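See structure below.
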Amino acid sequence: AQSVSQHNHHVILSEAASLELGCNYSYGGTVNLFWYVQYPGQHLQLLLKYFSGDPLVKGIKGFEAEFIKSKFSFNLRKPSVQWSDTAEYFCAVSTTSGTYKYIFGTGTRLKVLA
Amino acid sequence: GAGVSQTPSNKVTEKGKYVELRCDPISGHTALYWYRQSLGQGPEFLIYFQGTGAADDSGLPNDRFFAVRPEGSVSTLKIQRTERGDSAVYLCASSKVGGPHEQYFGPGTRLTVT
């Protein structure tokens, strides 16, 4: 069965620090990969997605993620975080056919100190 | 344009009661998903509709849970004989059909069973 692991459950950073959030998945086939963000009081929003092609994906608000197939990883990065990046971040995986339902990780709560 | 909407935003009910949660997807999105998010966890898949039919209900935890989408647009998640363990945020998402499109999430319904 598919599974997604996010090993960092809580991360606290100061503004301007660099961010990397880990995401590893378990699945033998081809996958689509996503990072979603949930700001306080708001709904899940798509940050970026990977379907195929260039494994380095750029998303909104300066975020990027790199798909490393050999490591089954899709880590999220941002060179310099802002206080407004305080949120919960979820990695998700779906199959490339069928229902495309998501398997989510448990999420990482990021707090950025001003 | 309008996003995915869910009503009610909050629902408090007593153990043993019946509840209905409504989802109104983005216009033109034929794929509709329900997820459940418990405290400290990522969303977990419940059921997927393609049009009017439930194409995958493998995530429904037991036969107290049922969902319908009679006209291929609005969907209702129904929970009978609610239990305290059903307390969670119930999320609805919609996406376009015919490919690995990303899902757009609603704000969720927070269900509390007392």
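The values are calculated or read from the model by the stated rules, or taken from the named source; none is laboratory data. Given the structure is predicted, the values throughout are model-derived calculations rather than measurements. Here the Cβ is made from the backbone with ideal geometry for all residues, glycine too, and neighbour counts use every protein chain on show. To get the accessible areas, we keep the full protein, side chains included, count just its heavy atoms, and leave off ligands, DNA and RNA. Shrake-Rupley method; radii C 1.70, N 1.55, O 1.52, S 1.80 Å.
Restriction of the GluC sites (Glu not before Pro) in region B:41-113 to DSSP coil positions whose beta-carbon has at most 11 other beta-carbons within 10 angstrom yields B:GLU71. Which number comes out as Rg/Rh for chain B once both Rg and the Kirkwood Rh are worked out on C-alpha atoms? Radius of gyration over Kirkwood radius for chain B works out to 0.95. When +1 charges are put on Lys and Arg Cβ atoms and -1 charges on Asp and Glu Cβ atoms, the dipole computed for the protein assembly as shown relative to its Cα centre reaches about 240 debye.
List the residues of region A:38-56 that lose 10 Å² or more of accessible area once all protein chains are present, compared with their chain alone (1.4 Å probe, heavy atoms only, no ligands or nucleic acids). Residues losing area: A:GLN38, A:HIS43, A:LEU44, A:LEU46, A:LYS49, A:PHE51.
Measuring heavy-atom accessible area with a 1.4 angstrom probe and counting protein chains only, the residues of region A:77-102 that give up at least 50 Å² relative to the chain alone are A:THR99, A:TYR100, A:LYS101, A:TYR102.
If a spin label sat at a point 7 angstrom from the Cα of A:LYS71 along the line to its beta carbon, the backbone N atoms of region A:33-51 nearer than 20 Å would be those of A:33-36, A:48-51. Element breakdown for chain B at a 1.4 angstrom probe: carbon and sulfur atoms account for 48% of the accessible area.
Looking at region B:29-114, the accessible area is 42 square angstrom per residue; that uses a 1.4 Å probe and ignores ligands, DNA and RNA. The alpha carbons of region A:10-109 give a radius of gyration and a Dmax of 13.3, 42 Å, in that order. The label point for B:GLU83 and the one for A:SER97, both projected 7 Å from the Cα toward the Cβ, are 3.7 nm apart. Working from label points 7 Å from Cα in the Cα-to-Cβ sense, the A:GLN45 to A:ALA16 distance is 2.5 nm. At a probe radius of 1.4 angstrom, the accessible area of chain A per residue rounds to 48 square angstrom.
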